[in-house]
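The values are calculated or read from the model by the stated rules, or taken from the named source; none is laboratory data. Only a predicted model underlies this, so the values are computations on that prediction, with no experimental measurement involved. When we count neighbours, we look across all protein chains shown, and the Cβ atoms used for this are built from the backbone with ideal geometry, even at glycine. Surface areas here come from the heavy atoms of the whole protein model, side chains and all, with no ligands, DNA or RNA. Shrake-Rupley method; radii C 1.70, N 1.55, O 1.52, S 1.80 Å.
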Amino acid sequence: MVMRACVAAAACLSVLVAASLARAEEIRHRTDYAIALAGLPVARASFDTELVNDRYTISGTMNSAGLADILSRTSGQTQVTGTLMRDRLRASHYSMSYRSGSKQRSIEMTLRNGTVTSSVMTPKRTTSPDNWIPVSAADMRNVFDPLSGLIIPARNRVCPKTLPIFDGESRLDIRLSPKGTRPFKTEGFEGEAIVCGLAFTPKSGFKKGRKDVEYLAKLKTMEIWFAKAEAVNVYAPVYVRIPTSLGAVTVSATRFGG
């Protein structure tokens, strides 16, 4: 459950790289992240962003580090392409693959105007009709992919907000609630971050009674911090905190813009 929370938090933070997009003919940018459990490093992530006119591509990698790498080596890759619109990043293709020990899985998803037109998982997950909550066609309309969903135009309120997310397997709502501001400093940024309470409601695409899903759904103390990227006038995440029974999983941007 801990590494799953790390991967989820890294995916949540990965949308940070889109904040570096600027309205120029071509932009390339790299952002790095540190992921820790109870203060101990467990993973690193890096993302490269390319923008050509209004078309964006975000490519990312994550690798376990420290003790986590010794216990169970984990690595992942993800990529999203789409169009930078006036009020959002609208994805057209999203992919993700990861390996943890001997387990591996990949997802390929295409979207059109916020509606999922195809989604393929390899290998397919074995499900039971008795406890699996299937994803309906309605669940895949008006959704964001995990990488593009948390970029918030500065003209909009950052929180409160509910974001419908589909990751190629599961449909969930991310709910943001206001918790004030906090100072934040990292390479490329120093200033105030907007702090939001973070909660999620699982909708479909998961096994009913699954302990890690139920645990995260009940948490009331998760946080996500947003900083403003002046170049494109949007807010993007710079910090996530997810408590677990072994200590808090934290994901911090070690570079933001610049």
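Residues in the stretch 226-258 that are in a strand (DSSP E or B) and either closer than 19 Å to Leu37 by Cα or among the hydroxyl-bearing types (Ser, Thr, Tyr) (or both): Tyr235, Pro237, Val238, Tyr239, Val240, Arg241, Ile242, Val249, Thr250, Val251, Ser252, Ala253. Look at the stretch 228-245: where a residue is within 24 Å of Glu214 (Cα to Cα) and open to solvent by less than 10 Å² (accessible area, probe 1.4 Å) and a partner is of a type outside the set (Phe, Trp, Tyr) and at pLDDT below 85, sitting 6+ places away or on another chain with Cβ atoms under 6 Å, you get Val240/Ala9; Val240/Cys12; Val240/Leu13. Looking across the stretch 136-154 at every residue that is in contact with an Asp or Glu (Cβ under 8 Å, 6 or more places away or on another chain) and under 30 Å from Val42 (Cβ atoms), the one that is surrounded by the most Cβ atoms within 10 Å (Cβ to Cβ) is identified as Asp145. Of the set (1) in contact (Cβ under 8 Å) with a residue 40 or more places away in the chain; (2) open to solvent by 50 Å² or more (accessible area, probe 1.4 Å), all apply to Glu192 but (1). Which members of the stretch 155-176 meet the condition of being among the aliphatic types (A, V, I, L, M) and open to solvent by less than 30 Å² (accessible area, probe 1.4 Å)? Hits for the stretch 155-176 are Val158, Leu163, Ile165, Ile174, Leu176.
The sole residue among Leu172, Leu163, Leu216 that is assigned to a strand (DSSP E or B), modelled with pLDDT under 95 and under 17 Å from the mean Cα position of the chain (by Cα) is Leu163. Might you let me know whether the stretch 52-61 holds any residue that is part of a strand (DSSP E or B), over 17 Å from the mean Cα position of the chain (by Cα) and surrounded by fewer than 17 Cβ atoms within 10 Å (Cβ to Cβ)? Yes, the stretch 52-61 contains at least one residue that is part of a strand (DSSP E or B), over 17 Å from the mean Cα position of the chain (by Cα) and surrounded by fewer than 17 Cβ atoms within 10 Å (Cβ to Cβ).
Evaluate the following for Ile133: is it under 19 Å from the mean Cα position of the chain (by Cα), over 22 Å from Leu84 (Cβ atoms) and in contact (Cβ under 8 Å) with a residue 24 or more places away in the chain? Judged against the criteria, Ile133 is not a match. What number of residues within the stretch 1-35 satisfy the criterion of being modelled with pLDDT of 50 or more and crowded, with 19+ Cβ neighbours inside 10 Å? Looking only at that region, the number is 4. Within the stretch 199-213, no residue satisfies the criterion of being of a type in the set (S, T, N, Q) and in a helix (DSSP H, G or I).
Filtered by the rule that a residue be among the acidic types (Asp, Glu) and over 16 Å from Leu111 (Cα atoms), the stretch 145-174 gives a lone residue, Asp173.
Within the stretch 71-114, the set of residues being open to solvent by 50 Å² or more (accessible area, probe 1.4 Å), of a type outside the set (S, T, N, Q) and assigned to a loop (DSSP other than H, G, I, E, B) comprises Arg73, Met85, Arg86, Asp87, Arg88.
Kindly establish whether Glu223 is within 22 Å of Asp32 (Cα to Cα), free of Cβ contacts under 8 Å to residues at least 12 places away in the same chain, assigned to a strand (DSSP E or B) and of a type in the set (D, E, K, R). In short, no.
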